[in-house]
Structures are given as structure tokens and as C-alpha cells.
Amino acid sequence: MSLGIDWVTEWIRESARVIADHRVELITLDREIGDGDHGENLDRGFSAVIQKLGDLPEGALPGDALKLVATTLISTVGGASGPLVGTAYLKAAGAVGKAEQLDGAAVVALLTAARDGVVLRGKAEVGDKTMIDAWTPAVDAAAAALADGADEAGILAAAADAAEQGAKATEPLVARKGRASYLGERAIGHRDPGSQSSALILRAASDAAAG
Ligand code: ADP
Ligand code: MG
Ligand code: MG
């Protein structure tokens with residue numbers, strides 16, 4: 001089984017649902033170590049994406065849907081996360097190219113390109129207490145699952161599990177990027193909001209593949 005446009009659109013719809021459901025939680029996390037808008041930023045962006053999703057033409061490819069997410073998030077989400085997450089989808093679109101169906105290797109390439117896009121834009125490393133602390137373990141787990149012979153759903157489930165662990169692992173860290181870096185040791189004990197939203201988005205990818 002490979003994944004096509006139906007998976008991508010369901011991933012987008014499920015992402016919008018979970019971001020809306022966790023809007024207050026993400027706001028609360030960002031209020032603790034940022035400016036309290038992360039849930040609102042992403043909810044506004046994904047709501048705008050859902051409005052535009054119906055405009056995708058018949059026969060649209062996975063890359064077309066990912067590109068729509070990218071341009072919409074970049075144009076509607078202010079703050080750090082809009083350009084960062086937008087670039088992730090833009091690079092993911094580039095990685096899938098004109099493919100109609102994505103096999104396990106293509107799914108790993110998509111996730112890797114998304115993570116690389118966030119790094120290109122934000123220059124964060126693992127341990128900086130950012131969304132990269134969810135994305136990089138997810139990419140590593142996805143690659144390991146592919147090497148172990150997992151199918152697409154198995155690869156995405158491994159990525160989602162690792163992203164959730166990565167988000168939790170940001171709690172004891174001092175931030176070295178973004179607003180939380182101004183807080184020094186006061187950021188310790190708080191989960192990074194962007195790592196949490198990234199874990200939600202990656203769980204949505206897995207749920208969409210599980211059907
Ligand atoms: P803002 O900080 O501008 O209000 P958001 O609240 O929407 O934007 O997003 C904050 C999140 O962005 C942080 O929790 C962190 O995960 C992520 N972030 C900030 N700076 C960077 C960076 N340079 N690289 C990766 N992620 C970052
Ligand atoms: Mg914020
Ligand atoms: Mg802000």
C-alpha cells in the first residue's frame with residue numbers, strides 16, 4: 001500500500017482538527033515561555049488552509065496539496081512558526097515532486113525535507129528546545145522503521161511516537177532559539193510549544209495513514 005492525495009488531504013484535515021482541539025493547550029504552553037499566541041497562530045493558519053483545500057483541482061497531486069499548505073501558512077501565520085512550518089511543507093512538496101503515490105522511501109524523504117526546511121529557516125539544532133526536538137527524532141525513527149521493513153503506516157507511527165517523546169524531552173531544557181531563549185533557566189520545566197504542535201501534526205499524519 002502506498003499513500004496518495006487522499007492521505008495528504010486527510011493529513012491536512014486531521015492536522016487542522018487537532019490544532020483546533022489543542023489550541024488552548026498550545027496557547028498555555030506558549031504563555032509559559034513565549035508570548036502566548038502559538039495555538040492561535042497555527043489554528044488561524046490551518047483554518048485558512050481548510051478554506052482553500054476545496055480549490056484544489058481534480059487530479060491534484062500530493063505535492064500540490066503540500067504546496068497549498070506552505071503558501072497559506074506563510075501568508076496567514078505571523079510569528080516564528082508561520083515561516084518555519086510553511087517552509088517545512090514547501091520543502092516536503094519539493095521532495096515529493098510530481099509523484100502520485102508515495103512509498104515508504106518517499107514518506108521518509110518527505111519528512112526529512114520538511115525537517116531540513118525548518119533547519120534551513122531557523123538554524124536550530126536538537127537540544128535547542130524548538131520544534132526540531134520533535135522533528136529530528138521523528139525523521140530518525142522514520143528512517144529506522146523504513147530500514148526495518150515497515151510499511152508507510154508503520155513509518156509514520158514510528159515518527160509520531162518519536163516526535164511525542166521528543167516534545168516531552170524539551171521540558172528540562174534551556175532554550176537556545178526563539179522567544180524562550182530570552183528566559184534562560186526560567187524555561188526549564190516547560191514544554192516547548194512548537195515541539196508539541198509538531199508532534200500533533202506528525203500524529204495526524206500517522207492517523208491519516210491508519211485510516
Ligand atoms: P512567536 O515565537 O513568534 O510568537 P510562535 O509562538 O507561533 O511564534 O512559535 C513559537 C515556536 O517556534 C517555538 O515554540 C519553537 O518551537 C519554534 N521556534 C522558534 N524559533 C525557532 C527556530 N529558530 N528554529 C526552530 N523552531 C523555532
Ligand atoms: Mg508565540
Ligand atoms: Mg508571537
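The values are calculated or read from the model by the stated rules, or taken from the named source; none is laboratory data. Because the structure is a prediction, the values reported are computed rather than measured. In this analysis, Cβ positions are derived from the backbone assuming ideal geometry, glycine residues included, and neighbour counts consider all displayed protein chains.
Among helices (runs of 4 or more DSSP H) entirely within the stretch 1-74, having at least 3 residues that are within 16 Å of ligand 3 (Cβ to nearest atom) and modelled with pLDDT of 95 or more singles out 23-33, 38-53. The residues listed here are ALA99, ALA138; of these, the one that is within 29 Å of GLY59 (Cβ to Cβ) and in contact with a helix residue (DSSP H, G or I) (Cβ under 9 Å, 6 or more places away or on another chain) is ALA99.
Confirm whether ALA99 is at negative phi and not in a helix (DSSP H, G or I). Judged against the criteria, ALA99 is a match.
For (1) crowded, with 20+ Cβ neighbours inside 10 Å; (2) hydrophobic (A, V, I, L, M, F, W, C), each residue gets a yes or a no:
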{"residue": "PRO137", "(1), (2)": "yes, no"}
{"residue": "ALA160", "(1), (2)": "yes, yes"}
{"residue": "VAL174", "(1), (2)": "no, yes"}
{"residue": "ASP192", "(1), (2)": "yes, no"}
{"residue": "SER198", "(1), (2)": "yes, no"}
{"residue": "SER206", "(1), (2)": "yes, no"}
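Residues that are surrounded by fewer than 19 Cβ atoms within 10 Å (Cβ to Cβ), more than 16 Å from VAL85 (Cα to Cα) and among the hydroxyl-bearing types (Ser, Thr, Tyr) are absent from the stretch 31-48 altogether. Take the conditions (1) under 30 Å from GLY36 (Cα atoms); (2) touching an Asp or Glu at 6+ places or on another chain (Cβ under 7 Å); LEU61 misses just one of them, which is (1).
Close Cβ contacts (under 6 Å, 6 or more residues apart or on different chains) running from residues in the stretch 96-120 that are in contact (Cβ under 8 Å) with a residue 24 or more places away in the chain to residues that are surrounded by fewer than 20 Cβ atoms within 10 Å (Cβ to Cβ) and of a type in the set (S, T, N, Q) comprise GLN101/SER2; LEU102/SER2; ASP103/SER2. Exactly one residue out of ASP116, ASP148, ASP133 is of a type in the set (D, E, K, R) and either closer than 30 Å to ALA60 by Cβ or within 16 Å of ligand 3 (Cβ to nearest atom) (or both): that is ASP116.
Within the option set ALA88, ALA144, being outside any loop (DSSP other than H, G, I, E, B), touching a Lys or Arg at 6+ places or on another chain (Cβ under 9 Å) and away from ligand 2 (no atom under 16 Å from the Cβ) holds for one residue only, ALA88.
For VAL118, the stated conditions hold: it is under 24 Å from ALA105 (Cα atoms) and within 10 Å of ligand 1 (Cβ to nearest atom). Cβ-Cβ distances below 6 Å connect the following pairs, each with a first residue in the stretch 148-164 that is part of a helix (DSSP H, G or I), a second residue that is modelled with pLDDT under 95, and a separation of six or more residues or different chains: ALA153/ALA210. Looking only at residues of the stretch 165-211 that are within 16 Å of ligand 3 (Cβ to nearest atom) and without any contact (Cβ under 8 Å) to a residue 60 or more places away in the chain, we find that the one that is farthest from GLY127 (Cα to Cα) is TYR182.
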